[in-house]
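The values are calculated or read from the model by the stated rules, or taken from the named source; none is laboratory data. What you see is a predicted model, and the numbers here were worked out from it, not measured in a lab. Note: ideal-geometry Cβ built from the backbone for every residue, glycine included; neighbour counts use all protein chains shown.
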Amino acid sequence: MDGWVREEVGGEVLDNAAELVMQCLSMAGEERPTMKEVADRLAGIRSRASDS
């Protein structure tokens, strides 16, 4: 990950976003989050990013 981005938003926020991306890319459909879950998790990630 670009060092500037990591410094700008914080490593924990990036780790959470990367984890969500990996879940969305899962080949097993039952392991992928629903769009509602994605939206909720992105809202949480965005909230934490603005707090940092």
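Numbers below:
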quantity	calculated
Yes/no for Arg48 being surrounded by 11 or more Cβ atoms within 10 Å (Cβ to Cβ), in contact with a Ser or Thr (Cβ under 8 Å, 6 or more places away or on another chain) and among the basic types (Lys, Arg)	no
Cβ pairs under 7 Å, 6+ apart, first in the range 41-52 and without any contact (Cβ under 8 Å) to a residue 40 or more places away in the chain, second surrounded by 13 or more Cβ atoms within 10 Å (Cβ to Cβ) and assigned to a helix (DSSP H, G or I)	Arg41/Leu20; Ile45/Val13; Ile45/Asn16; Ile45/Ala17; Arg48/Val13
First in the range 7-27 and under 21 Å from Asp51 (Cβ atoms), second anywhere and modelled with pLDDT of 90 or more, Cβ under 7 Å, 6 or more apart	Val13/Ile45; Asn16/Ile45; Ala17/Ile45; Leu20/Val38; Leu20/Arg41
